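Read the structure below first, then the notes.
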Amino acid sequence: MTFHSMWAELLPIGRSSASGGYRRYAWTAADADCRAWFTQQAEDRGLVYEVDRNGNQWAWLGDPAAGDAVVTGSHLDSVPDGGAFDGPLGVVSSFAALDELRGRNVQFTKPLAIVNFGDEEGARFGLACVGSRLTAGQLTVEQAHRLTDGDGVSLPRAMEAAGYDPDAIGPDPERLDRIGAFVELHVEQGRALDLSGDPVGIASAIWPHGRWRYDFRGEANHAGTTRLVDRRDPMLCYAETVLAARREAQFAGAVATFGKISVEPNGVNAIPSLVRGWLDSRAADQETLDTVVAGIEKAAREYADAHGIDLDVVRESFTPVVEFDHALRDELGDILGGAGGDTALKVPVLGTGAGHDAGILSGRIPTAMLFVRNPTGVSHSPAESAAEDDCLAGVRALADVLEGLACR
């Protein structure tokens, strides 16, 4: 099966006819269809298929217990109305790279696995990389069991409804101990490769990043009869905080985004009693991120105090800076750069502000990432794109890397 045919099979799953974007949320019908697709790809290739205790899917070539395995893959879920490439490009490319290696008649000296990590985006339960966090021990069973979606459905209940056992989840050190390297291919979420003119790049690091929930509590009242001077309107403080986030991030050379909001009672003719907003902030280093986040909270509290608004700020998740394994990163550069000549590929090394499963696992095993050019830089949007020629260049690069790591 070709890259094109696999991509065509996966493309309709979970796609909204209204927006053109994807709604592949964890433990939903669309997620189940994606999982069925992965299972079929594994079976079509005669791979050993398994689901681990946290619901992550694995397809193995060789003995999983042999150790020092080389693993590739990514995720198949999406953000709300997300694009087609974020995650799925890595999974489809992994199967295509294996097909490429079999066509080269290479001899594998190590086990090879392709993985689909569950709930990477965190679109349903508000925490990114749940599958890999559980596996790496960065999310406890108790914390996972407390996660709920917007409808009040808990993670355990959602897993049970999808046919999985929530009581089995937890750290999986035995599995990680069998992995010698994990390489994740991903569409670039930015324009660095487009600007440099390169189809493929190697990741150097992931910026530290986190999510904070801001709860602004005021007083609900009639929108038509309450004088402006008598109002305790939390929406005003929220709006001022959004602007403060932009100022703080711009001054520091970082990014800060309020991209999700919840309002109560959420009536057109009612002053809100509660405005809840979620901040996502990222920076190139920890000190800068701390400065930005502290500046945003300071401004929010000043606005709240001035207008009689109560404010609670809760950090919901945080990932420190990730420096990918230098030896593995350099090895990828050597493999792809070769000794020069017509087959050598010029591969730039670049950082990213986006979080990934490879970043979560980096504290336990050597990890690395390959990026495929995104001509617009747009991501987490239906406009996300990558040219097929660049996707195929990514497949060849991934195949070269896997051959260099697993066939020596």
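The values are calculated or read from the model by the stated rules, or taken from the named source; none is laboratory data. None of the values given here were measured: they were computed from a predicted structure. When we count neighbours, we look across all protein chains shown, and the Cβ atoms used for this are built from the backbone with ideal geometry, even at glycine. The protein model used for the area step is the full one, side chains on, heavy atoms only, and it has no ligands, DNA or RNA in it. Shrake-Rupley method; radii C 1.70, N 1.55, O 1.52, S 1.80 Å.
Quick notes
- A single member of GLY87, GLY122 is open to solvent by less than 10 Å² (accessible area, probe 1.4 Å) and either closer than 18 Å to VAL372 by Cβ or in contact with an Asp or Glu (Cβ under 7 Å, 6 or more places away or on another chain) (or both), and it is GLY87.
- Residue list for the stretch 90-119, filter: open to solvent by 10 Å² or more (accessible area, probe 1.4 Å) and part of a strand (DSSP E or B): none
- Residues located in the stretch 64-73, provided they are open to solvent by less than 10 Å² (accessible area, probe 1.4 Å) and either on the phi < 0 side of the Ramachandran plot or not assigned by the TED database to the domain that holds GLN189 (or both): ALA69, VAL70, VAL71, THR72
- Every condition in (1) within 22 Å of the chain's Cα centre (by Cα); (2) under 30 Å from GLY67 (Cα atoms); (3) assigned to a helix (DSSP H, G or I) holds for PRO171 except the one numbered (3).
- Pairing residues of the stretch 284-295 that are touching a residue at least 24 places away in the same chain (Cβ under 8 Å) and assigned by the TED database to the domain that holds VAL242 with residues that are part of a helix (DSSP H, G or I) and of a type in the set (D, E, K, R), at Cβ distances under 9 Å and at least 6 apart in sequence or on separate chains, gives THR291/GLU248; VAL292/GLU248; VAL293/GLU248; GLY295/ARG247; GLY295/GLU248.
- Among residues of the stretch 4-22 that are in contact (Cβ under 8 Å) with a residue 12 or more places away in the chain, those with a Cβ under 6 angstrom from a residue that is assigned to a helix (DSSP H, G or I) and open to solvent by 30 Å² or more (accessible area, probe 1.4 Å), sequence gap 6+ or separate chain, pair up as ILE13/ASP33.
- For the stretch 27-49, filtering for residues that are part of a helix (DSSP H, G or I), in contact (Cβ under 8 Å) with a residue 40 or more places away in the chain and within 21 Å of ALA65 (Cβ to Cβ) leaves 1.
Listed here are the residues, each with its yes/no results for (1) touching a strand residue (DSSP E or B) at 6+ places or on another chain (Cβ under 9 Å); (2) open to solvent by 50 Å² or more (accessible area, probe 1.4 Å); (3) modelled with pLDDT under 95.
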| position | (1), (2), (3) |
| --- | --- |
| GLY338 | no, yes, yes |
| GLY351 | yes, no, yes |
| ARG364 | yes, yes, no |
| VAL372 | yes, no, no |
| GLY377 | no, no, yes |
| GLY394 | yes, no, no |
| ALA399 | no, no, no |
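- Residue match in the stretch 229-239 (condition: within 24 Å of the chain's Cα centre (by Cα), crowded, with 23+ Cβ neighbours inside 10 Å and aromatic (Phe, Trp, Tyr)): no
- From the list GLN138, GLN143, the one residue that fits, being open to solvent by 10 Å² or more (accessible area, probe 1.4 Å), assigned by the TED database to the domain that holds SER78, in a helix (DSSP H, G or I) and not hydrophobic (A, V, I, L, M, F, W, C), is GLN143.
- Among residues of the stretch 296-311 that are within 22 Å of VAL255 (Cα to Cα), none has a Cβ under 9 angstrom from a residue that is at pLDDT below 95 and assigned to a helix (DSSP H, G or I) at a sequence gap of 6+ or on a separate chain.
- The residues on offer are LEU279, LEU311, and the sole one that is crowded, with 16+ Cβ neighbours inside 10 Å and either assigned by the TED database to the domain that holds GLY150 or more than 21 Å from the chain's Cα centre (by Cα) (or both) is LEU311.
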